[in-house]
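Report on one structure; see the data block that follows.
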Amino acid sequence: MTTPDIPADGVRVDAPANPILRLNPITVLTVLLAACAISLFFGWQVTLCLIAAYLLTALAAGRLGRYLSLWLRSVVLLSVVIFALQALLYPGETVLREVLFLDITAEGVDKGLRIATMVMSIGSALILGSVLIDIRRMTRALEQRGTSPTASYIVLSTLTMIPQLKAHMATIMDAQRARGIETDASPLVRAKAFLPTLSPLILNSIVGVEERALTLEARGFSSKGATTSLVRIPDTGIDRTLRALTYAAIVIALAVRIWLWMQ
Amino acid sequence: MPLVSLEDVSFSYPSGHRAVDSVSFAVDAGESVAIIGQNGAGKTTTVKMINGLLRPTSGTVLIDGADTAAQTAAQTSRRVGYVFQNPDDQIFNPTVAKEVGYGLRRLSLPAAEREERVTRACEAAGLGAAMGANPYDLPLSIRKFVAIASVLAADPDVVILDEPTAGQDLAGLLRLTALIDGLQQRGKAVITISHDMEFVAQNFDRVIVMADRAVVRDARADEIFYDTGAMERASLRPPALAQAGALVGPEVGLDIDRLNAELAARSLTPTTR
Amino acid sequence: MDAVTIENLTYTYPQAPAPALRDIDLTIGAGELVSVVGANGSGKSSLCQAIRGFIPHFYGGELAGRVVVDGTDVAAQEIGDLAGTVGFVFQNPFTQMSGVARTVFGEIAFGLENLGVAPLEIHERVERVLEDAGLQELRDRDPMQLSGGQQQRVALASVLVMDQPVLVLDEPTSQLDPASTDGVFDLVLAARARGRTVVLVEHKMEHVAEFSDRVVVMDGGSIALNGTPAEVFSDPRCEALGTRLPESMYLRRALEPSGLRLSPTPLRLEDLLQEISSGTGGSHPTTAPEVH
């Protein structure tokens, strides 16, 4: 039997090799939120630069593939559709082109560009956040900063529960089919099976909630006093510097925006 | 014609994992069969093929001559009722009566007959007084009987009970025995998966031992319990009566009178009575 | 000092028509294994919950009387602080998996993290429990992917690691097969051997008869019988109260016509078989030779 190496103080430091993934999730969150806000102050040019930065970041973190696959299918697609709809349908006066029976107006293009830019700003940052941040790491980091353990528990157990719910759903469907409730065949049939499938799932979950709450109690979850953890998410000098730079960037961006607005 | 017939039935999951390997047996109306074996032996998968939840990858499952592969599970369930181990996977109606009657809706019965069936099923399951109660206000062991009643109400020809004795007290065990008796008397076939050998000895005439995805032995209960090899493969100990009988010989079976006679004959200190 | 002292305990769940526990008086000595049996609904679970403080702290309701565990008045303590005094294992293996741990190791460590135990000590204690409970092979597995029997052993280990003086188990083996049941009992007995006091609700009378120091039979919320297994199971009231007897006793009764001289209340089937064997000049194959 091999006992794995235990660090000197018993606490494992959760630090992936990649420097970007190693960042404290709070730092990543802070930077992305700031980037979102800053891009909303300005126009599409800034957004474009930021998106280039996001792509480079994803590449550096080894997550470019995942990012592109999510990003293109959601945010980009949505932005293109919004832009097209606005350009074609927005009632404007300056007609640039005619397409079939619709007019592309300059006002429409302008509006479309603005909304699409907003969607791209927020969406691209969101997607980058989802591929860079591991939820488990983030809840731990937040807990280290002082958020309540209950909040962490809710997030983490929900994550675990989702695949369990899926599996449970399958069992429930079996049980209902076994008493004559059709679940295959037409959508209408499936709609009728909806209630007998979903209700036990919900009821079970509710019953399960009480049992789980008692289990948590049995494990001392609500005991007063400090908790310890076997895992620590590091918050390094790099993290603090990055966050400081981010706050500075927000201030500068705000200042620039106001100055521009006053011109 | 047997009510349930499995002919060289195998089942593999889409992942390739083989769960049941060439199983064949038949169950007649009025028979009671217990399927025993370790977890992973293939008992649950086999039984799910009997009630149509799973279709065999090879071989045929016939219910009263009808191929389960030609029907949906819901259709097969009209002939084969299955009481799941966890009643909470089924129950969602606000009262016991509604829950028990739920499976009857598709049978298009006149309201009076439906009510009568529900009442009869509830009473057989000992729920006569609880028909208006919310199932989730009742203890788990009683909810088990709600699930059983809901299968009884649909009056299938085959009833499958999956680990019915888990968590039951004496009253529950007695009620199960009465239920199984009643079903057999009405000509139903009763199949159970159980690891409670006392329960099996009390209520089931025939035992099928499964191990490693196949049938190890299929024989009368009073023979199986003396088959040490089969019982070992099932990782189960025989009921007390059979363990005592083993001290004498397999001819004792589950006959207590025979056992007493044999023991009296061999007694070193015979007492005069 | 007794591990558990219950005086005049009467408790009614909120909005319940009648009390779940009536006038309970019970003393459990340190290191005892007491089994609580009785018909479903007789108050066994409620008794367990009163010892742990879920009653009244979690459920509310009306409570009269006193429950003192390891010198602490349960009603006066916070529910969270009692976690270090009373361990609790439930019937359902799955809902006892916290859902926050990715490995069995983490699951077992969870309780100690909550209690604020130092990380190095956590490692030490978890390693010890993994070893003692035979869970080493499962240490890196996802708790949610284990079988019911495995999960129940992990749940038990996760409580045992917290080293409480009193351990309460509410039907821990109801959903388990015989092999897993034995596994759970091995752990419970090992805990008792290390000095823990154990309160166990069980339907498996053979195990109750073999391992309990005392048996408490509940009926309608009160304690109807309280004594050693031999005393309780040979009391004719026991069956009248809807409690099953161990199989050895039913068999013993059925063997009366054989005329063999057998002990009147065999608690263990093995012992009865041995007596039958000796009484008929045969040798019971599975019993090792006994040295008296």
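Would you confirm whether any residue within the range A:126-135 is touching a residue at least 60 places away in the same chain (Cβ under 8 Å), out of contact with any Gly (no Cβ under 8 Å at 6 or more places or on another chain) and within 14 Å of another protein chain (Cβ to nearest Cβ)? Looking for residues that are touching a residue at least 60 places away in the same chain (Cβ under 8 Å), out of contact with any Gly (no Cβ under 8 Å at 6 or more places or on another chain) and within 14 Å of another protein chain (Cβ to nearest Cβ), one finds at least one in the range A:126-135, hence yes.
Regarding residue A:72, is this residue more than 14 Å from every other protein chain (Cβ to nearest Cβ), without any contact (Cβ under 8 Å) to a residue 12 or more places away in the chain, on the phi < 0 side of the Ramachandran plot and under 16 Å from the mean Cα position of the chain (by Cα)? So residue A:72 passes the test.
Cβ-Cβ below 7 Å, separation at least six or inter-chain, first residue in the range A:177-204 and within 11 Å of residue B:92 (Cβ to Cβ), second hydroxyl-bearing (Ser, Thr, Tyr) and at pLDDT 75 or above: which pairs? Correct list of pairs: A:203/B:136. Filtered by the rule that a residue be closer than 11 Å to residue B:239 by Cα and surrounded by fewer than 22 Cβ atoms within 10 Å (Cβ to Cβ), the range B:182-198 gives a lone residue, B:198. Of the residues making up the range C:254-270, those that are under 15 Å from residue C:210 (Cα atoms) and buried (at least 18 other Cβ atoms within 10 Å of the Cβ) are C:265, C:266, C:267, C:269. Total residues in the range A:175-215 satisfying the condition of being more than 7 Å from every other protein chain (Cβ to nearest Cβ) and either of a type in the set (A, V, I, L, M) or farther than 30 Å from residue C:111 by Cβ (or both): the figure is 19. Taken over the range B:56-73, the criterion of being in contact (Cβ under 8 Å) with a residue 24 or more places away in the chain and either assigned to a loop (DSSP other than H, G, I, E, B) or out of contact with any Ser or Thr (no Cβ under 7 Å at 6 or more places or on another chain) (or both) is satisfied by B:56, B:57, B:60, B:64, B:65. Could we say that residue B:92 is under 18 Å from the mean Cα position of the chain (by Cα), among the aromatic types (Phe, Trp, Tyr) and within 11 Å of chain A (Cβ to nearest Cβ) here? No: the conditions fail for residue B:92. Go through C:43, C:60, C:99 for me and flag whichever is among the small types (Gly, Ala, Ser), within 14 Å of chain A (Cβ to nearest Cβ) and buried (at least 19 other Cβ atoms within 10 Å of the Cβ). Of the residues listed, the single one that is among the small types (Gly, Ala, Ser), within 14 Å of chain A (Cβ to nearest Cβ) and buried (at least 19 other Cβ atoms within 10 Å of the Cβ) is C:99.
The single condition among (1) closer than 30 Å to residue C:123 by Cα; (2) exposed (fewer than 15 other Cβ atoms within 10 Å of the Cβ); (3) modelled with pLDDT under 90; (4) not hydrophobic (A, V, I, L, M, F, W, C) that residue A:10 does not meet is (2). The single condition among (1) exposed (fewer than 12 other Cβ atoms within 10 Å of the Cβ); (2) in contact with a strand residue (DSSP E or B) (Cβ under 9 Å, 6 or more places away or on another chain); (3) not hydroxyl-bearing (Ser, Thr, Tyr) that residue A:233 does not meet is (1). The set of residues from the range C:69-94 being within 13 Å of another protein chain (Cβ to nearest Cβ), within 17 Å of the chain's Cα centre (by Cα) and farther than 24 Å from residue C:150 by Cβ comprises C:85, C:86. Got at least one residue in the range C:103-116 being in a loop (DSSP other than H, G, I, E, B), of a type outside the set (D, E, K, R), in contact (Cβ under 8 Å) with a residue 24 or more places away in the chain and within 7 Å of chain A (Cβ to nearest Cβ)? Yes - at least one qualifying residue is present in the range C:103-116. Only one residue in B:52, B:37, B:65, B:59 is more than 14 Å from chain A (Cβ to nearest Cβ), on the phi > 0 side of the Ramachandran plot, crowded, with 23+ Cβ neighbours inside 10 Å and touching a strand residue (DSSP E or B) at 6+ places or on another chain (Cβ under 9 Å). Which one? None of the others qualify; the one that does is B:37.
One residue alone among A:171, A:150 is more than 17 Å from residue B:102 (Cβ to Cβ), within 27 Å of the chain's Cα centre (by Cα) and within 14 Å of chain C (Cβ to nearest Cβ), and that residue is A:150. With respect to being under 13 Å from the mean Cα position of the chain (by Cα) and crowded, with 24+ Cβ neighbours inside 10 Å, residue B:148 fits the description.
Here residue B:109 clears all of (1) in contact with a Phe, Trp or Tyr (Cβ under 8 Å, 6 or more places away or on another chain); (2) modelled with pLDDT under 95; (3) outside any helix (DSSP H, G or I) except the condition numbered (1).
Within the range C:57-79, the set of residues being more than 19 Å from residue A:221 (Cβ to Cβ) and in a helix (DSSP H, G or I) comprises C:75, C:76.
From the list B:40, B:52, pick out the single residue that is outside any strand (DSSP E or B) and closer than 26 Å to residue B:223 by Cα. Exactly one of B:40, B:52 is outside any strand (DSSP E or B) and closer than 26 Å to residue B:223 by Cα, namely B:40. Taken together, B:125, B:171 contain a single residue that is away from every other protein chain (no Cβ under 12 Å) and of a type in the set (A, V, I, L, M, F, W, C), which is B:125. The condition (being away from chain C (no Cβ under 14 Å) and over 18 Å from residue A:178 (Cβ atoms)) is satisfied by just one residue among B:105, B:206: B:206. Identification of helices (runs of 4 or more DSSP H) wholly contained in the range A:29-147 with 3 or more residues that are closer than 24 Å to residue A:239 by Cα and among the small types (Gly, Ala, Ser) yields A:44-60, A:106-132. Annotation: residue C:205 fulfils all but one of (1) within 16 Å of the chain's Cα centre (by Cα); (2) more than 22 Å from residue C:47 (Cα to Cα); (3) of a type outside the set (Asp, Glu); the unmet one is (2).
Residues checked against (1) more than 30 Å from residue C:18 (Cα to Cα); (2) more than 10 Å from every other protein chain (Cβ to nearest Cβ); (3) touching a Ser or Thr at 6+ places or on another chain (Cβ under 9 Å):
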site: C:186; (1), (2), (3): yes, yes, no
site: C:192; (1), (2), (3): yes, yes, no
site: C:224; (1), (2), (3): no, yes, yes
site: C:230; (1), (2), (3): yes, yes, yes
site: C:235; (1), (2), (3): no, yes, no
site: C:269; (1), (2), (3): yes, no, yes
site: C:275; (1), (2), (3): yes, yes, yes
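Residues that are in contact (Cβ under 8 Å) with a residue 40 or more places away in the chain, of a type in the set (A, V, I, L, M, F, W, C) and farther than 21 Å from residue A:198 by Cα do not occur anywhere in the range B:93-106.
Here's the yes/no breakdown for (1) of a type outside the set (Asp, Glu); (2) more than 14 Å from chain C (Cβ to nearest Cβ); (3) in contact with a strand residue (DSSP E or B) (Cβ under 8 Å, 6 or more places away or on another chain):
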| position | (1), (2), (3) |
| --- | --- |
| B:157 | no, yes, yes |
| B:167 | yes, no, no |
| B:177 | yes, no, no |
| B:180 | yes, yes, yes |
| B:187 | yes, yes, no |
| B:191 | yes, yes, yes |
| B:195 | yes, no, yes |
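The values are calculated or read from the model by the stated rules, or taken from the named source; none is laboratory data. Keep in mind that what you see is a predicted model, and the values were worked out from it rather than measured. Here the Cβ is made from the backbone with ideal geometry for all residues, glycine too, and neighbour counts use every protein chain on show.
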